[in-house]
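Here is the structure we will look at.
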Amino acid sequence: MVTSRAARAGAGRAFLSPSPRLLTAQRASRRVARTARRLGPARAASEEAKVEVPVEETVEETVAVVTDASQSEDELDWLAEGEEEEVGLAQKFVRTVVEPVRDRPAVRNVLALASMYFVGTFLWSTFKVVRKMVSPRAKKRKQVNKNLTVIHTLNEYLPGNRTALSAGALDKIRYVTTFSYDLIFRKYLRYLLNERKFDAEAVADILHLKATCQLGDDQVKEILREVSQRTFKKYGILMTDTTDLTAEAVMKKAAERAVFSKLLYLAELPEMVTQEAAISDNLSWQILEIFGATGEDAEGLRIKTLSELEAEDFESLLESSEGDAQD
């Protein structure tokens, strides 16, 4: 083996190289020879007697060097055996796997097709997942979940724990949903108009939410106009006479009138927005224009006091509308 030969060559060189003690003895012998040439044989003999040559130590050192060389040779032989085993395994793998595939085009083509199939399946699955995440349905579901987060979180405070609702709680909602303050107010206002009972507690909740969101008159007016436009787009023009309409249409118009009455009450509430003297700047008149309602319609649907707005009153209002449609 090449490694074993290199180890033996190194051990031979270590055995033949002179040790420092041997070099010292050689230098002492040369000094004695030079002294003999200068002083004569008698005094040279006395000088030679003074020089001590550590022969036994030199021999012991040489033996130690040989022993170390033999030990290193054994270690190198063991390492070489491990390398031979690794080389043997690699060669066996090449003979049993690589060479048959390389020499057989059919096997090579089958492996290539299998690889293409798995890669194509992986890419198609990735494409489907990405498409599903960015699809309109996924975006709508994500938006609905955000809206539910706003409603559920605010319902933990309103109306029972209204005083605990602070800017910190709204900041948590903003962090989760990425909504702004005015958007949070708009989401909860639409929920309150469509789902909650519109009473003194509901009005107090929306006023406290407005103060917590730190919204001004211009922002509140814009939100009320936007909610009115959404309601008109969903139900159509406001109608008090539902004659010749189907039952489904009557129910839709009744729901529209209920939302219109609530919006008109909030628009005319001084605590909600500042009342403008000019008709063109008055929010209640702007809401009437959005719904296509007249002054008579507003007078008939206007909520005078919140005590009038109990559930029974709304039910009687709906029943009267349905009775008009049947007549």
Answer with yes or no whether T242 is touching a residue at least 12 places away in the same chain (Cβ under 8 Å) and either surrounded by 14 or more Cβ atoms within 10 Å (Cβ to Cβ) or over 27 Å from T305 (Cβ atoms) (or both).
yes
If you go through the stretch 123-143 one residue at a time, do you hit one that is under 20 Å from V227 (Cβ atoms) and touching a residue at least 12 places away in the same chain (Cβ under 8 Å)?
no
Report whether or not L111 is under 20 Å from E201 (Cβ atoms), assigned to a helix (DSSP H, G or I) and in contact with a helix residue (DSSP H, G or I) (Cβ under 9 Å, 6 or more places away or on another chain).
no
Checking R190 against (1) modelled with pLDDT of 90 or more; (2) under 29 Å from the mean Cα position of the chain (by Cα), which test does it fail?
(2)
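Among K234, K197, K210, K221, which is the only one that is loosely packed, with under 15 Cβ neighbours inside 10 Å and within 39 Å of the chain's Cα centre (by Cα)? Steps first, please.
Details: K197 fails: within 39 Å of the chain's Cα centre (by Cα); K210 fails: loosely packed, with under 15 Cβ neighbours inside 10 Å; K221 fails: loosely packed, with under 15 Cβ neighbours inside 10 Å.
Of K234, K197, K210, K221, the one residue that is loosely packed, with under 15 Cβ neighbours inside 10 Å and within 39 Å of the chain's Cα centre (by Cα) is K234.
Can you tell me which of A202, A211 is of a type outside the set (S, T, N, Q) and touching a residue at least 40 places away in the same chain (Cβ under 8 Å)? Walk me through it before giving the result.
Working: A211 fails: touching a residue at least 40 places away in the same chain (Cβ under 8 Å).
Just a single option satisfies the conditions, and that option is A202.
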Looking only at the stretch 130-140, count how many residues are part of a helix (DSSP H, G or I) and either in the same structural domain as T177 (by TED's automatic domain parsing) or surrounded by 10 or more Cβ atoms within 10 Å (Cβ to Cβ) (or both).
7
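The values are calculated or read from the model by the stated rules, or taken from the named source; none is laboratory data. Please read all numbers here as calculations on a predicted model, not as lab measurements. Heads up, the Cβs are rebuilt from the backbone with ideal geometry, glycines too, and the neighbour counts pull from every protein chain shown.
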